[in-house]
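Right, one structure below, let's go through it.
The values are calculated or read from the model by the stated rules, or taken from the named source; none is laboratory data. Predicted model only: the values in this text are computed from it and were never measured. Positions of Cβ are generated from backbone atoms using ideal geometry, with glycine treated the same way; all protein chains shown enter the neighbour counts. All accessible areas refer to the heavy atoms of the entire protein, side chains included, with ligands and DNA or RNA removed. Shrake-Rupley method; radii C 1.70, N 1.55, O 1.52, S 1.80 Å.
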Amino acid sequence: MSRIGKRPIAIPSKVEISIDGQAVNVKGPKGTLFRELPGLITISQEGEELKVIRDNESRKARERHGLCRTLVANMIEGVSQGFEKKLQIQGVGYRAQAQGSKLTLNVGYSKPVEMQMPEGINVAVNSNTEVVVTGIDKELVGNIAAKIRAVRPPEVYKGKGIRYLGEYVRRKVGKSGKK
């Protein structure tokens with residue numbers, strides 16, 4: 001049996017959950033999330049806990065068991081605490097600016113790169129070189145952070161580019177001169 005899937009999910013006191021068949025709606029102090037779970041998985045509420053149970057022992061059901069438990073646990077954590085990803089910009093003259101839901105990146109291209117953030121995602125820029133992406137949907141926060149990083153991924157020779165905070169970029173040695 002799935003080690004992750006069989007663990008119960010604790011429900012914080014501020015979070016309300018409604019289950020309608022395969023549809024799970026989670027409401028908390030930071031917002032509301034909705035997800036339609038795949039078939040072969042049943043979710044049930046027992047007091048202050050949620051249990052994720054698979055309907056049979058087929059391969060598909062076993063594959064989805066831990067996934068569905070993690071998705072629901074992330075929804076609960078998102079509406080109660082939220083998620084954040086931090087990105088760091090390195091390079092001479094590289095900087096970022098945030099105006100409302102728009103992020104402007106100056107990262108060595110001839111024109112600044114402007115990115116419009118979707119609803120539910122907040123972007124803050126600290127000290128021109130640190131971008132903080134926050135939201136209640138873990139999947140969306142991670143995807144937006146990956147799109148920002150993809151504008152100028154870290155370069156291995158000089159280390160310039162956009163990287164996650166704490167990400168290690170293995171440096172390469174450049175060309176050597178005549179011997």
Cα long-axis angle, helix 138-151 against the chain (0 to 90 degrees, to the nearest 10): 20 degrees
Straight-distance crosslink candidates among aspartates and glutamates, where the alpha carbon sits under 13 Å from residue 30 and sequence neighbours closer than 8 are dropped: 16, 77, 137
Cα gyration tensor category, rounded, prolate or oblate, for region 82-136 with a/c compared to 1.5: oblate
Protein accessible area in region 107-179, 1.4 Å probe - carbon and sulfur %: 50 percent
Exceeding the 23 Å Cα-Cα cut-off - candidates 14/147; 102/147; 60/85; 27/51; 27/138: 14/147; 60/85
Label selected from [x] 12; [y] 23; [z] 41, the criterion being percent of Cα pairs over 29 Å apart as computed here: [z]
Cβ-Cβ FRET estimate between residue 97 and residue 53, R0 fixed at 41 Å, reported to 0.05: 0.25
Sum of -39500 (n - 2.57) over DSSP H runs of 4+, divided by residues of the chain (222 nm, nearest 500): -7000 deg cm²/dmol
Accessible surface, per residue, of region 1-68 when the full set of protein chains is kept, probe 1.4 Å, Å²: 64 Å²
Accessible carbon and sulfur surface of region 1-86 relative to its total accessible area, %, 1.4 Å: 47 percent
Distance-filtered residues of region 62-105 - backbone nitrogen under 18 Å, label point 7 angstrom along residue 13 Cα→Cβ: 77, 80-81
For region 76-131, accessible area per residue (1.4 Å probe, heavy atoms of protein chains only), Å²: 57 Å²
